[in-house]
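A short worksheet on the structure shown next.
The numbers here are math on the coordinates, done by the rules we state, and not lab data. Since this is a predicted model, take the numbers as computed values, not measurements. For neighbour counting, all protein chains shown are included, and Cβ atoms are generated from backbone atoms with ideal geometry for every residue, glycine included.
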Amino acid sequence: MPWRSSALALLVLGAVACSSSTPSGGAAPAASEKTNAEDSGSPTGSSGGTTPTPQTDGGSSPDGATQPPAIAFPAKWIDGTACGTDPDLQTFQITPDTFILRQSLCTTFEGPFMYLFVGSTKALLVDTGTGGVDLKGKVTGLLAGKTVQLVVAHSHSHGDHVNGDPAFKNQPSTTVVGTSVTAVGQFFGISGDAAAAYDLGGRVIDVLPIPGHQAAHLAYYDRETKLLLTGDTLYPGRLYIDDWNAYRASVPRLVAFVDAGHPVSYMLGGHIELPKTGADYAFGAQVHANEHVLQLGDAELRELGAAVKAMGNTPKREVHPAFIISP
Ligand SMILES: [Zn+2]
Ligand SMILES: [Zn+2]
């Protein structure tokens with residue numbers, strides 16, 4: 001999430017933000033692996049008021065895959081309102097081989113979301129959160145019984161997305177991708193601004209560079225579920241932007257990617273910073289009562305694209321129903 005604000009927050013709050021490299025202070029409890037009803041392994045509840053209709057046209061997808069699943073997202077994520085009983089990590093299983101994980105706001109105000117895609121030979125974990133929770137144990141459990149190489153990659157290099165990396169480094173059957181523009185480009189075989197296809201074994205993930213929030217930012221598109229991970233470039237919250245010129249080129253590139261035969265079921269980002277109604281939570285808030293749904297849709301991407309285009313070379317803060325442009 002934050003970029004400029006993160007530096008300020010470090011001074012004001014002494015807390016970690018998107019570009020920091022240290023875990024959150026103060027309220028961060030020791031790591032503890034908990035499982036309870038919140039740690040749902042199957043879809044429950046409804047997806048809320050702004051849920052987009054799942055894309056049902058799978059015919060134009062690059063791999064000719066079958067139609068994506070209609071996902072019943074959790075009615076509520078762990079939101080910092082039940083720190084005594086909520087787990088440090090909430091797991092939501094989208095399909096047998098697709099997972100969303102959320103790090104508890106009780107452990108970091110960032111409350112980052114992480115994603116796990118499993119193919120026949122590799123599993124791709126996108127982001128590792130702020131650290132201080134047993135993400136590795138959780139992922140290991142989700143991969144139990146599968147013989148796959150775990151590839152740990154990132155939406156971008158800010159601390160709230162990479163600080164959990166150390167637990168995965170130097171582990172068997174595990175590769176941790178570097179976080180620089182060069183490192184991610186070399187690993188995925190990215191050439192220029194074009195998307196690169198990364199095969200997990202019977203499951204291809206397209207990786208598209210979308211710098212702007214941060215220079216090494218990537219979008220990930222899963223051809224199987226038609227999910228598009230947008231990281232901190234687009235999520236229901238404050239869209240902080242490091243390099244405006246890069247950002248206003250990346251957003252239309254993402255739209256063009258979708259239009260080029262990559263229909264989207266849902267856009268899933270790195271955080272939630274908006275309630276269902278009303279103003280955004282205060283920066284650093286660790287209680288998110290009545291959170292906005294995580295999932296956005298094609299419409300929100302196009303709305304962002306139109307807004308960015310209209311601003312031209314004069315970015316400004318602009319509040320939209322499902323996101324806030326915060327250059
Ligand atoms: Zn972030
Ligand atoms: Zn960030």
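For LYS146 and ALA183, the FRET efficiency from 1/(1 + (r/R0)^6), where r spans their Cβ atoms and R0 equals 30 Å, is about 0.70. In the structure displayed, which of LYS146/LYS226; LYS122/LYS276; LYS122/LYS226; LYS76/LYS138; LYS146/LYS169 lie more than 27 Å apart, Cα to Cα? In this structure, LYS122/LYS276 lie more than 27 Å apart at Cα. Here the relative contact order of the stretch 84-166, from alpha carbon pairs under 8 Å that lie six or more residues apart, stands at 25 percent. As a length-normalised measure over Cα pairs under 8 Å and 6 or more apart, the relative contact order of the stretch 87-226 settles at 17 percent. Legend: translational diffusion of the stretch 62-199 by Stokes-Einstein, Rh = Kirkwood radius over C-alpha pairs, 25 °C, 0.890 mPa s; D = 153 µm²/s. Comparing Cα centroids, the stretch 143-162 and the stretch 296-318 end up 30 angstrom apart.
Taken over the stretch 147-241, the convex hull of the Cα atoms encloses 109 Å³ per residue.
Here the stretch 164-193 and the stretch 246-282 have alpha carbon centers that stand 23 Å from each other.
Each peptide in 152-165, 313-326, 296-309, 93-106 gets a packing score, the mean of other Cβ atoms within 10 Å over its residues, and the list from highest to lowest is 152-165, 93-106, 296-309, 313-326. Report the percentage of all Cα-Cα pairs in the stretch 175-292 whose separation exceeds 25 Å, rounded to a whole percent. For the stretch 175-292, the fraction of Cα-Cα distances above 25 Å is 28 percent. Protection proxy ranking for 266-276, 175-185, using the average of other Cβ atoms within 10 Å per residue and placing the highest first: 266-276, 175-185.
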